[in-house]
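What follows is calculated from the coordinates using simple rules that are stated; it is not laboratory data. This structure is a prediction, so every number in the text was calculated from the model and none was measured. Cβ atoms come from the backbone with ideal geometry, glycine included; neighbour counts cover every protein chain shown.
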Ligand SMILES: [Zn+2]
């Protein structure tokens, strides 16, 4: 069966190097505009680019993690067009001989979203549009970018979310900051021509843009209109896409070989080994009979959580280890192994965990333990109370005193210690508030 909706992505990720892609200017140290610049990244006549090997190393590691076929030698092209953010009138990018081709990310359903290619290119300068003039900041000019292009294998929003989260997790574990600068072009076709939505920042807007396009194209088709191949932009404030132009092709740019860089062998560059959250979560879930989803949630963007699970889940119950990790996140703390173990023991013994207990643990004090309570009983009482009474959750968001009301209700019903209920509620309530 032909899939109705097809989504393909072009994702731009900033490569975290100290210096820019073709010069030794600081890539990310921005105090003042135009302070991190030189003749190369300002495009002065006669300046020549020098390749940053560290950027290639990181790019190669990403390619490896995405099972992409890495080239032995690479080369670059000049994409020629005139725009004020590009003083040399061309952007150095890769077309015919990119860092890698092919590859995939495997979803939990075992479906593979194929990668088409991965290439390196330079970021242009930043333009700040004011009322009746514009400013250009060249600090960004020449920063290394990685472009990851997928095949149109994503068929719905859930797959889009899962693909992006797994990609972001892989990038995170390779040391790439995924909270800033993750930009994407989202290509959507809903039984028609491909429409490209340019320059979207962040996953939330990618989802909104894709949703809007799916509906827009469906409505257009229903009214008998023909969907043309075109480029649109995303208007985040109104959550809509707006037509920019009929789609241009690479032939409309001047593309020439970049002679100043030539052929560059990347065969001997080292590779950082990848971490696959989905795969690891599956293994851990099987090993400790835990929920795969719960483990993914903990480790996806938290290397420390993965280490703690690996270290302690053999000795302590996995749900105790996960509760302790949640406590660390909630109180924004890190503990050394010895103190983390003290926290595990405290949770195992149903001790009330609040900022006071955490301080005691940090200072190495002995923690008082209370009587044993059936943990699962209290958890399920809290869960069902919050599930059955949605108004309670709404009230809690506006009035934190509701917290004590919930404790009181459960303490009365189960004759349990309010302190213990409060500990569990502290862990469970944020999930409900976050809508999980
Ligand atoms: Zn420079």
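In percent, how large is the relative contact order of the chain, given Cα pairs closer than 8 Å and 6 or more residues apart? List each step's numbers first, then the result.
On the way: 748 pairs, mean separation 64.4, N = 436.
Relative contact order here is 15 percent.
In terms of the Cα gyration tensor, with a ≥ b ≥ c the square roots of its eigenvalues, is the stretch 28-88 rounded because a/c is under 1.5, prolate because a/b exceeds b/c, or oblate? Write down the numbers at each step before the final one.
Numbers: a/c = 2.37, a/b = 1.65, b/c = 1.43.
It comes out prolate by the Cα gyration axes.
Got a sec? How would 323, 376 order by Cβ neighbour count within 10 Å, fewest to most?
Ranking 323, 376 by Cβ neighbours within 10 Å, fewest first, gives 376, 323.
Stokes-Einstein at 25 °C, 0.890 mPa s, Kirkwood radius from Cα pairs: D for the stretch 308-410 in µm² s⁻¹? If you can, show how the numbers build up before the last one.
Working: Rh = 15.1 Å.
For the chosen part, D equals 162 µm²/s.
Rank by packing, highest mean first: peptides 199-207, 44-52, with packing defined as the count of other Cβ atoms within 10 Å averaged across residues. Write out the running numbers ahead of the final one.
On the way: 199-207: 17.3, 44-52: 13.8.
Peptide ranking by packing, descending: 199-207, 44-52.
Against the longest principal axis of the chain, how steep is helix 277-287, in degrees 0 to 90 to the nearest 10, with axes from Cα atoms?
On a 0 to 90 degree scale, this one is about 30.
Give me the log10 of I(q) over I(0) for the stretch 20-143 at q = 0.11, 0.13, 0.17 Å⁻¹, as the Debye formula computes it from C-alpha points; what are the numbers?
Once normalised to I(0) and log-transformed, intensities are -0.47, -0.63, -0.91.
Per the Cauchy relation, a quarter of the hull surface: what is the mean projected area of the convex hull of the alpha carbons in the stretch 136-261, in nm²?
Over all viewing directions, the stretch 136-261 projects a mean Cα-hull area of 10.5 nm².
Starting from the Cα coordinates of the chain, work out the convex hull volume and express it per residue in Å³.
205 Å³
Kirkwood hydrodynamic radius, computed over distinct alpha-carbon pairs, for the stretch 5-55: how many Å, to one decimal?
On the way: mean 1/r = 0.0777 Å⁻¹.
This gives a value of 12.9 Å.
Quick one: order 198, 413, 60 by neighbouring beta-carbon count within 10 Å, fewest to most. Before the final figure, lay out the partial values.
On the way: 198 18, 413 10, 60 24.
The fewest-first ordering by Cβ neighbours comes to 413, 198, 60.
Can you give the angle from 0 to 90° between the axis of helix 203-222 and the longest principal axis of the chain, with both taken from C-alpha atoms, to the nearest 10?
Around 70 degrees separate the two axes.
Rg to Rh for the stretch 290-345: what is it, with Cα atoms only and Rh by Kirkwood? Numbers along the way, then the final one.
On the way: Rg = 10.2 Å, Rh = 11.1 Å.
Taking Rh as the inverse mean 1/r over Cα pairs, Rg/Rh reads 0.91.
Report the full-extension gain for the segment residue 334 to residue 413: residue separation times 0.36 nm, less the Cα-Cα distance, to one decimal in nm.
Full extension of this stretch gives 24.9 nm more.
Compute the Cα gyration tensor for the stretch 317-365, then decide on rounded, prolate or oblate, letting a ≥ b ≥ c be the square roots of its eigenvalues: rounded whenever a/c is under 1.5, prolate when a/b is larger than b/c in the other cases, and oblate in all that remain. All intermediate terms of the calculation are to be shown ahead of the outcome.
Values: a/c = 1.34, a/b = 1.24, b/c = 1.08.
The shape class here is rounded.
Please compute the modelled spin-label separation between residue 114 and residue 255, points set 7 Å along Cα→Cβ, answer in nm with one decimal.
1.9 nm
If you bin the C-alpha pair distances of the stretch 111-201 every 5 Å from 0, what whole percents do you get?
Answer for the stretch 111-201: a P(r) of 3, 10, 16, 23, 18, 12, 9, 6, 2, 0, 0 percent.
Taking a spot 7 Å from the Cα of residue 268 along the direction of its beta carbon, which residues of the stretch 36-53 have an amide N less than 19 Å from it?
Label zone hits: 51-53.
Ranked highest first by the average count of other Cβ atoms within 10 Å around their residues, in what order do 392-403, 350-361 fall?
Working: 392-403: 13.0, 350-361: 17.7.
So the peptides 392-403, 350-361, ranked by packing, come out 350-361, 392-403.
Compute the acute angle (0 to 90°) between the alpha-carbon long axis of helix 303-312 and the principal axis of greatest extent of the alpha-carbon atoms of the chain; round to the nearest 10°.
So the helix axis and the longest Cα principal axis differ by about 40 degrees.
When a footprinting reagent is the concern and you count Cβ atoms within 10 Å, what order do 118, 227 take, fewest first? Please report the intermediate quantities before stating the final value.
Numbers: 118 27, 227 19.
The order, fewest Cβ neighbours first, is 227, 118.
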